[in-house]
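Presented below is the structure to which this report refers.
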Amino acid sequence: RFKQLVAYKKEHGDCRVPQSSGQLGKWVSNQRGEYQKKIQGEKTSLSDDRETRLSGVGFTWQCRVRRHRIGKNVSWENKFEHLVAYKKKHGDCKVPQRSGPLGRWVTRQRNEYQRKHCGK
């Protein structure tokens, strides 16, 4: 399926294969599901090698925009861009949790990292 994905990207310019696109769409959806399990520290069939190969061809790990509790549709990438801007302005990524949506997002990222890498 990886070769099919590369061919799809060559034809369409991206790796955003619709789930309704037959076997390739199902496979792509499955890769995203396995990736979500992996970042949540759950058992997954997604190896580090496959993740690297998919990332290397520009695979989009998250296509849907998530609805956060703050009521706005904000993707992970969008929040990350806000963090980059914060660092540029303040010189660090020490966003206080009380500083609003960005602070809460940074705290969640730290908690996920601790859970994944430190077993907490």
Could you check, for region 27-45, whether at least one of its residues is at pLDDT 85 or above, open to solvent by 60 Å² or more (accessible area, probe 1.4 Å) and not in a loop (DSSP other than H, G, I, E, B)? yes
Identify all residues within region 1-27 that are aliphatic (A, V, I, L, M) and either free of Cβ contacts under 8 Å to residues at least 24 places away in the same chain or in contact with an Asp or Glu (Cβ under 7 Å, 6 or more places away or on another chain) (or both); write none if there are none. ALA7, VAL17, LEU24
Would you check if there is a residue in region 87-100 being at pLDDT 80 or above, basic (Lys, Arg) and open to solvent by less than 90 Å² (accessible area, probe 1.4 Å)? no
Of the residues in region 94-120, how many are under 20 Å from LYS43 (Cβ atoms) and in contact with a His (Cβ under 8 Å, 6 or more places away or on another chain)? 0
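The values are calculated or read from the model by the stated rules, or taken from the named source; none is laboratory data. Predicted model, so just to flag it, every value in this text is computed and none were measured. Quick reminder, even Gly has a Cβ in these numbers, built from the backbone with ideal geometry, and neighbours come from all protein chains shown. Only protein heavy atoms, including side chains, enter the accessible area calculation; ligands, DNA and RNA are left aside. Shrake-Rupley method; radii C 1.70, N 1.55, O 1.52, S 1.80 Å.
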